[in-house]
Amino acid sequence: MNRGTSEPSSSDRDVVLFFDGVCGLCNRTVDFVLRYDCRGVVRFAPLQGRTARERLSVNDLERLDSVVLQENGISFRKSSAVVKLLQAMGGVWSVFGLLLWLIPRPLRDVCYGFIARNRYRVFGQKLSCRMPSPEERDRFCE
């Protein structure tokens, strides 16, 4: 923790984005976060991987219909995961996250569900999970 504040420092935070490793949209999202995560706090793990099996519920692993963001052991799904992701990225992205948070969750989740149902058709599906480059490797969990 930072001295004098209740906000954890970026090194104290455990933020992991669990994503569908074969989804084109999910992989583009990972690329986006790698590029714009101001503090480099977000780590990544495919829903098909070992870290997901160790840390997520069976329901999350079987359905693969939502990204899951875990922050310090608390899991967020669907649009709430997107909001928390933007907030974790910092900078202007946290402002976008705050604005998105103001939209009622049921409405956010309807929009999220529409995108999730059509993601393979629009963004494609890969044959295997995304492999990080050597420079990205420390941001990825198995």
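Bear in mind these aren't lab numbers, they're just calculated from the coordinates by the rules spelled out. Since this is a predicted model, take the numbers as computed values, not measurements. Heads up, the Cβs are rebuilt from the backbone with ideal geometry, glycines too, and the neighbour counts pull from every protein chain shown.
Being of a type outside the set (Val, Ile, Thr) and either surrounded by 16 or more Cβ atoms within 10 Å (Cβ to Cβ) or farther than 22 Å from residue 97 by Cβ (or both) is the filter here, so list the residues in the stretch 14-37 that pass it.
Once the filter is applied, which keeps residues that are of a type outside the set (Val, Ile, Thr) and either surrounded by 16 or more Cβ atoms within 10 Å (Cβ to Cβ) or farther than 22 Å from residue 97 by Cβ (or both), the stretch 14-37 yields 17, 18, 19, 20, 21, 23, 24, 25, 26, 27, 34, 37.
Inspect all residues belonging to the stretch 96-108 and state whether any of them is under 16 Å from residue 19 (Cβ atoms), of a type in the set (D, E, K, R) and surrounded by 18 or more Cβ atoms within 10 Å (Cβ to Cβ).
no
Please go through the stretch 38-62 and give me each residue that is touching an Asp or Glu at 6+ places or on another chain (Cβ under 9 Å), in a helix (DSSP H, G or I) and either exposed (fewer than 13 other Cβ atoms within 10 Å of the Cβ) or of a type in the set (D, E, K, R) (or both), ordered by number.
Listed by number, the list holds a single entry, 50.
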